[in-house]
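One structure below.
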Amino acid sequence: KQVVQSEVFEYAGASFYMADMGETAPILGAYHRPDVNGLSHHNAYSDDWARVNREAIKEAGRDGDSFFIVKAGYGRTPKYAGTTCLGDYVTNLKKRKDGGLQSVLNGIVNGGFSGFTYGHCAISVAVPRTVNSLDNRTKEMMCRWMEMNAFTALFRTHDGETPDETVSGYGDKYLLKALARWSTVYATLAEYRIRIFNEASFRGYPVVRHPVLHFPSDEQFMTEDAFSFMLGDSIYIAPIMKCGVVKTKTYIPAGRWIHLWSDSVYDIYGDTGTYVEVQAPPGEPPVFYKQCEELNLVVSKLKQKGIICLEKTPPKPKRFSLLKK
């Protein structure tokens, strides 16, 4: 606790930090209590680690204006942790079995089912040179990752632990523009997200939700992998997880939905949804919202900031190059 209070808050002046290594209780370690061994305490250690960090914040008088992130948890961890992270991913645009972007989405929505209401995954902007798959080093992959994370609980990047052994995206103008664009989208959603955070705190609703929570009778959402998600109850996102996509057929559930980038309105009646074809170049993933006062204000701000531009020509396929150091 003293380390957090003196080093993180007083010396560094930080408002949030990563409380890492909550998963590292040694199985063969010796513990103070004689009835506890490493094997039995391994999972519970994550709860204890989160509790100690929460107590450090409270005792420092910083409860309410600071938080911490954990990437390991157990049954009571959400009670203490500010947000949970899936860990350090080197993702790609491949399928779940390859640890791709699909696995990130699966992890976030599954965590929401399990009580981890503030789940997220950091955006990797530094990828190892040793990664064999070229998809891992394309600008398109990083941009698609930013697009998805802008509609989650927390939008942040990860620099990598060994800069000399990675290819960094911070020196690329295209990626910096994409980072600025999606940081703006995330920040503009602040008021809407605060309401969802309150629902997460007082009702236990996840911030990022599997659509089945709102459309339980729609069998399309009963597939093994999540192909879409919702931010709260009024924004529906179907992230792009393939290379070279500029137009796609996207499934949207029943109801009245407005396409974020074109203002097109889709009225879908009945208990199930339908597929609609929309433009989806990098920078404009399939995002739909329900018309309401708070989101009308969000859309108005995004138009004022030039994020949404209705007068544009259809996108052409873009060939993304590999990052170079």
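For the chain, the solvent-accessible area of protein heavy atoms averages 51 Å² per residue (probe radius 1.4 Å; ligands and nucleic acids excluded).
Relative to the globular-protein estimate of 2.2 N^0.38 Å, the Cα radius of gyration of the chain stands at 1.05.
Taking Cα centre as origin and charging only the Cβ of basic (Lys, Arg, +1) and acidic (Asp, Glu, -1) residues, the dipole magnitude of the chain rounds to 1000 debye. Across the range 31-43, computed HN-Hα scalar couplings (Karplus, 6.51 cos²θ - 1.76 cosθ + 1.60, θ = phi - 60°) run 10, 5, 7, x, 8, 10, 10, x, 5, 6, 9, 4, 6 Hz from first to last residue, x flagging Gly and Pro.
You can think of it this way: the chain between Ala30 and Arg203 has 58.4 nm of extra reach, that is 0.36 nm per residue less the Cα-Cα gap.
Here the accessible area of the range 1-44 is 59 percent carbon and sulfur, with a 1.4 angstrom probe and all protein chains present.
Ordered from largest to smallest accessible area (heavy atoms of protein chains, 1.4 Å probe), the residues His214, His158, His32, His120 come out as His32, His214, His158, His120. Computed over neighbours whose Cβ is under 12 Å from that of Asp63, the net charge equals 0, Lys and Arg +1, Asp and Glu -1. For the range 2-19, backbone phi angles converted through the Karplus equation (6.51, -1.76, 1.60; θ = phi - 60°) give residue-by-residue couplings of 5, 5, 4, 5, 7, 8, 7, 7, 6, 6, 7, x, 7, 9, 8, 7, 8, 8 Hz, Gly and Pro being listed as x. For Thr274 and Cys243, FRET efficiency with R0 = 30 Å and r from the beta-carbon atoms, rounded to 0.05? In this case the efficiency is close to 0.70.
Dimensions of the range 181-325 based on its C-alpha atoms, expressed as ranges along the principal axes with the largest first, amount to 45, 35, 32 Å. Surface composition of the range 169-325: carbon and sulfur atoms hold 53% of the protein heavy-atom accessible area at a 1.4 Å probe. Would you please name the GluC sites (Glu not before Pro) within the range 184-282 that are DSSP coil residues with at most 11 other C-beta atoms within 10 Å of their C-beta? Qualifying residues, ordered by number: Glu224. Under a 5 Å amide H cut-off, with hydrogens placed 1.01 Å from N, Phe16 pairs with Phe67 among residues at least 5 apart or on other chains.
Which percent, to the nearest 5, of DSSP beta bridges fully inside the chain are antiparallel?
70 percent
Taking 0.36 nm per residue of sequence separation and removing the Cα-Cα distance, the Tyr170/Glu311 pair yields an extension gain of 47.8 nm. Here r is the Cβ-Cβ distance between Ser300 and Ala14 and R0 is 30 Å; the resulting FRET efficiency, rounded to 0.05, is 0.35. Computed extension length for Asp233-His214: 6.1 nm, one decimal, from 0.36 nm per residue of separation with the Cα-Cα distance subtracted. Charge dipole of the range 172-293 (Cα centre as origin; +1 on each Lys and Arg Cβ, -1 on each Asp and Glu Cβ, all else neutral): 460 debye, rounded to the nearest 20. Taking Cβ atoms as reference points and 14 Å as the exclusive limit, the residues near Gly270 contribute a net charge of -3, counting Lys and Arg as +1 and Asp and Glu as -1. For the range 1-97, the alpha carbon convex hull comes to 147 Å³ per residue, rounded to a whole number. 3J(HN,Hα) couplings calculated from phi for the range 205-218 with the Karplus curve 6.51 cos²θ - 1.76 cosθ + 1.60 (θ = phi - 60°) are, in sequence order, 6, x, 5, 8, 10, 5, x, 5, 5, 9, 10, x, 8, 8 Hz; Gly and Pro show x. When the range 1-97 is described by a simple charge dipole with +1 on each Lys and Arg Cβ and -1 on each Asp and Glu Cβ, the residue from Phe16, Pro78, Ala60 located farthest towards its positive end is Pro78.
Applying 1/(1 + (r/R0)^6) with R0 = 35 Å to the Cβ-Cβ distance of Arg256 and Lys177, what FRET efficiency is obtained, to the nearest 0.05?
0.60
Sort Met148, Met18 by accessible area with a 1.4 Å probe, largest first. The partial results should precede the final answer.
Numbers: Met148 0, Met18 70 Å².
The residues order as Met18, Met148, largest area first.
The values are calculated or read from the model by the stated rules, or taken from the named source; none is laboratory data. Keep in mind the model is a prediction, meaning the values are calculated, not measured. Cβ sites come from the backbone with ideal geometry, for glycine too, and all protein chains shown count toward neighbours. Only protein heavy atoms, including side chains, enter the accessible area calculation; ligands, DNA and RNA are left aside. Shrake-Rupley method; radii C 1.70, N 1.55, O 1.52, S 1.80 Å.
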